[in-house]
Amino acid sequence: MIGDRKLTDESGRVAALYRYGILDIPRETMFDRIARLVQKAFDVPIAAISLIDDHRQWFKSCIGLEVDETPRELSFCTHTIQEPDSMSVSDTTLDGRFAQNPFVVGAPYIRSYAGVPLCTPDGYNIGSLCALDVQPRTFTRDQVQLLSGLSSLVIEELELRCIAQVDPLTGAISRRSFILELKKELARANLRGLRSSLVLLDIDHFNQVNQIHGYPAGDMVLRNLAERLRKFLRSKDIFGRIGGEEFALLLPGTDAEAASEITEQIRQAIADEPILLEPNLKITVSFGISCPSAPELNPTDWLAAADLALCKAKRKDRNTCCIA
């Protein structure tokens with residue numbers, strides 16, 4: 001189950017979807033197998049894996065219906081992604097949200113629906129795994145649980161593709177790859193008795209960029225920031241993208257004081273020459289630093305500590321650095 005904040009963070013949700021780089025590419029056997037399994041297990045004519053961006057529903061797999069995408073406002077799944085667990089409709093003609101839907105009153109004449117969100121590890125619903133019938137029916141709890149289990153397989157497959165992969169937009173390694181690097185660095189640091197620092201950084205007011213200028217402009221900002229960050233990194237440092245506009249730096253053999261100096265140099269460089277899209281919209285960055293000393297610390301706790309420091313920086317004036 002995810003929190004209400006993630007359910008209403010549309011910009012973050014779309015960014016989480018784009019991070020997988022899966023839209024508008026050919027359908028693949030692995031995903032078709034999952035959809036066909038749903039179709040047979042539920043004995044329905046249509047089963048689909050749909051992904052919802054800011055304006056459309058795009059099908060990674062759609063068994064029983066020859067369509068690649070639909071307008072978002074006509075999709076059932078756009079309602080599913082607003083739910084923390086699942087959504088079922090026993091008779092669409094009796095549901096005010098769907099009674100006049102073109103896909104209900106016209107072909108393929110959908111009369112019942114069950115869907116569960118495709119929820120990313122960082123808590124965003126990027127789409128739905130769903131079963132659709134042309135007859136009214138009530139989907140059982142066991143069927144919904146089966147859908148939930150299969151939806152996890154979809155996300156796991158997407159995540160597996162991110163392992164050891166580089167984000168094509170920024171050149172940063174993926175979130176999962178970065179967490180693996182954290183695990184290795186903790187083992188090395190504990191063995192050698194060294195201190196290493198983790199820096200999380202987040203673009204201030206990034207939602208305004210997407211809302212005012214559109215996602216292409218947002219991509220430009222992310223790419224520009226990544227280029228600037230690399231100028232300050234040593235060969236042994238690790239650079240990762242762990243969220244939509246959130247990046248992470250792993251600084252091996254670097255204590256909190258040294259990490260703070262490096263981070264302040266980065267912050268000052270961006271503040272002195274901000275990424276400027278218009279006179280009233282300057283891009284600055286906030287930072288959270290964590291340098292653990294406890295040998296029992298794990299990557300999740302390390303990230304959480306740095307995230308708390310980042311949240312502290314955000315609560316202040318932003319465009320600042322805070323140490324956990």
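A Gaussian network model of the chain, with springs between Cα atoms under 10 Å, assigns the largest mean-square fluctuation among Gln100, Gln57, Gln82 to Gln100. Per-residue extension of 0.36 nm, minus the Cα-Cα distance of Gln135 and Arg228, leaves a gain of 27.8 nm for this segment.
For segment 42-105, what class follows from the C-alpha gyration tensor (a ≥ b ≥ c being the square roots of its eigenvalues): rounded when a/c is under 1.5, otherwise prolate if a/b is larger than b/c, else oblate?
Cα axes put segment 42-105 in the rounded bin.
Between the listed residues Ser112, Gln145, Pro71, the Cα displaced farthest toward the positive end of the dipole of segment 46-169, a dipole computed from Cβ unit charges relative to the Cα centre, is found at Ser112. Using only alpha carbons, segment 4-160 has a radius of gyration to Kirkwood radius ratio (Rg to Rh) of 0.93.
For segment 1-88, report the translational diffusion coefficient in µm²/s to the nearest whole number, using Stokes-Einstein at 20 °C, 1.002 mPa s, and a Kirkwood Rh over Cα pairs.
On the way: Rh = 13.9 Å.
Roughly 154 µm²/s, to the nearest whole number.
Say the cut-off is 25 Å between C-alpha atoms; which of Lys183/Lys236; Lys282/Lys312; Lys184/Lys314; Lys6/Lys316; Lys6/Lys312; Lys184/Lys312 go over it? With Cα atoms farther than 25 Å apart: Lys184/Lys314; Lys184/Lys312. Charge tally around Pro108: other residues with Cβ under 12 Å, Lys/Arg +1 each, Asp/Glu -1 each, net -1. The DSSP beta bridges internal to the chain are antiparallel in roughly 90% of cases.
When the chain is treated as a GNM with alpha-carbon contacts under 10 Å, the residue of Ile81, Ile49, Ile238 showing the greatest mean-square fluctuation is Ile238.
Classified by the C-alpha gyration tensor, segment 106-252 has an oblate form. Its axis ratio a/c, with a ≥ b ≥ c, is 1.5 or above, and a/b does not exceed b/c. Per residue, the average separation of C-alpha pairs within less than 8 Å and at least 6 apart gives the chain a relative contact order of 14 percent. Taking the inverse of the mean 1/r over every pair of distinct Cα atoms in segment 175-323 gives a Kirkwood hydrodynamic radius of 15.6 Å.
Using 0.36 nm per residue and subtracting the Cα-Cα separation, the extra length available between Ala99 and Glu257 on full extension is 50.7 nm. Anyone know which of Pro121, Pro26, Pro45 comes out most mobile in the 10 Å Cα GNM of the chain? Of the options given, Pro26 has the highest mean-square fluctuation.
Read-outs: derived from the displayed coordinates by stated rules, not from any lab. If you're wondering where the values come from, they're calculated on a predicted model, not measured in any experiment. Heads up, the Cβs are rebuilt from the backbone with ideal geometry, glycines too, and the neighbour counts pull from every protein chain shown.
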